[in-house]
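Below is one structure, written out as structure tokens, with a few remarks after it.
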Amino acid sequence: MQTRPDRILMVLPRARLVRKAVDAGYRVWSVWDPVRRDAAERGDVARYSEGVLTADLTDESALRALVVRAAREHGIAHVMYLGGGVGMRPVLEEAHRLGLSANPPQAHQLLGDRAALCELLDGHSRLSVRFRRVEQQAKLPDAVKELGGHPVVVGSLARDVDRRPVLAPGPGALDAWAGRTPGPYLVEEFLAGPQYTVSTLSVDGMHQVVGITATRTGGPPHFVALEHVHPAPLGEREGAEIRSAVCALLDLAGFEHGPADTTVVLTGTGPRIVSSRPGFSRDGIPLLLRLARGIDLEAAFFQTLTLGGCLPHTDAVRTAAVGFFQLPPGRLTAVTGLDDIRALPHVHALRFPFRPGDLVPATADGATVHGLVVVDGADADEAAERLATVRRLLRAEFEPAP
């Protein structure tokens, strides 16, 4: 099959990624599933794409055929599914079979699956996390005992259920959760310590840690992110340990090329991996890297496809932070302060997805956060003060949730 090095097939891309690929000199064909993304974004994707191919990402055989057909018809040299999710496995398997993917499919699967990640790291001298697979609810107490007792982190391994891990601080919470959640289950030791998000870019098996971002989370059961601060306030030794841990993980997974996002907890005995996935960091972190270090990681990735090699090292010259709004659940009746926030010179992004009349849900994960703001400052203290100012300016009134 004849390929052209400047041609990319992207599956379910964000418009900004298509634009940055085009800016780097590539021609992009995009695969779009109208069920998975808002229809309004399709127009933005189409604006930068050579063509938009509609697909049902749940139809595995049709998706495989589309990847093959598009590759042959358009001379595709690179197939990308940077965000992962529904349809990732068949896309990556076909891309690998055609020689159009820089990573073996199993590398993506190992990084994106929590149980597979635990098994990958099992027995590693520095990175292993104690865990147990449990088939039946009745066996959960035995697994907890083998791990040293509560608290533990539990999640379901069943298909088509909520697989978010939750903290079970005691037997009562575990029984209540398991009573409404089907098995089999993954039970892990609870990792206590500060949390960090590590953004990497790999080129031909060489892994570069582009930035380490401190993440402040809320309490149990889901530990939803409340703030990200970049650069993370770390000592030289702690930073080196985290970088070493993440690069070791990527080597073990066989990840060769592209961006990855890894969550690390710095425990009393060193860094441990909480989760990892191929793709760019979320929650505004790429913007933090640009504001603090002058690095556009998304644009740089496309440049590495052409030029290869690592990015030049850049020190952070500012501190940048993302703050997530925390609102009570209920029906929003009025909101003020958004224009005042946008007018602040140190505010670089603001997202507030609600209008009066909307029902604001309780925050349970990253998909249900109540909006965010991105600020910068001379240091972490100034960035924190500016986030506090923004939160004071936002005023929302509610009717209590029924």
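Please give the helices (runs of 4 or more DSSP H) falling wholly within the stretch 77-169 in which 2 or more residues are surrounded by fewer than 16 Cβ atoms within 10 Å (Cβ to Cβ), without any contact (Cβ under 8 Å) to a residue 12 or more places away in the chain and over 23 Å from the mean Cα position of the chain (by Cα).
Details: elements: 88-97, 105-112, 114-121, 140-146.
Once the helices (runs of 4 or more DSSP H) in the stretch 77-169 are filtered for at least 2 residues that are surrounded by fewer than 16 Cβ atoms within 10 Å (Cβ to Cβ), without any contact (Cβ under 8 Å) to a residue 12 or more places away in the chain and over 23 Å from the mean Cα position of the chain (by Cα), what remains is 140-146.
Are any residues in the stretch 136-169 among the hydroxyl-bearing types (Ser, Thr, Tyr) and touching a Leu at 6+ places or on another chain (Cβ under 7 Å), and if so, which ones? Spell out the reasoning first.
We begin by selecting, within the stretch 136-169, every residue among the hydroxyl-bearing types (Ser, Thr, Tyr); these are 156.
Scanning the stretch 136-169 gives no hits.
Would you point out the residue of the stretch 93-122, among those that are of a type outside the set (A, V, I, L, M, F, W, C) and touching a Pro at 6+ places or on another chain (Cβ under 6 Å), that is farthest from GLU256 (Cα to Cα)?
GLU93
So which residues in the stretch 49-67 are under 13 Å from VAL91 (Cβ atoms) and among the polar types (S, T, N, Q)?
THR58, SER61
So the check is Cβ under 8 Å with 6+ separation or different chains; which pairs have a first residue in the stretch 1-26 that's over 19 Å from LEU63 (Cα atoms) and a second one that's among the polar types (S, T, N, Q) and part of a strand (DSSP E or B)?
Matching pairs, first to second residue: VAL18/SER30.
If ARG355 passes every condition in (1) basic (Lys, Arg); (2) under 22 Å from ARG37 (Cβ atoms); (3) surrounded by 14 or more Cβ atoms within 10 Å (Cβ to Cβ) but one, which one does it miss?
Only one criterion in (1) basic (Lys, Arg); (2) under 22 Å from ARG37 (Cβ atoms); (3) surrounded by 14 or more Cβ atoms within 10 Å (Cβ to Cβ) is unmet by ARG355, namely (3).
I'd like to verify a number: residues in the stretch 221-235 that are touching a residue at least 40 places away in the same chain (Cβ under 8 Å) and aliphatic (A, V, I, L, M), how many? Reasoning before the result, please.
Taking the stretch 221-235 first, the residues touching a residue at least 40 places away in the same chain (Cβ under 8 Å) are 221-231, 233.
Now narrow it down to the ones that are aliphatic (A, V, I, L, M): 224-226, 229.
Number satisfying all stated conditions: 4.
Please identify the pairs in which a residue from the stretch 374-396 that is within 17 Å of LEU289 (Cα to Cα) has its Cβ atom under 6 Å from the Cβ atom of a residue that is among the polar types (S, T, N, Q), counting only partners at least 6 apart or on another chain.
Every condition considered, the pairs that remain are GLY377/THR319; ASP379/THR319; ALA380/THR319; ALA383/THR319.
Taking the condition of being in contact with a helix residue (DSSP H, G or I) (Cβ under 6 Å, 6 or more places away or on another chain), in a helix (DSSP H, G or I) and either buried (at least 17 other Cβ atoms within 10 Å of the Cβ) or not assigned by TED's automatic domain parsing to the domain that holds GLU94 (or both), how many residues in the stretch 18-50 meet it?
Selection size over the stretch 18-50: 7.
The values are calculated or read from the model by the stated rules, or taken from the named source; none is laboratory data. Small disclaimer: the values here were computed from a predicted structure and weren't measured. For neighbour counting, all protein chains shown are included, and Cβ atoms are generated from backbone atoms with ideal geometry for every residue, glycine included.
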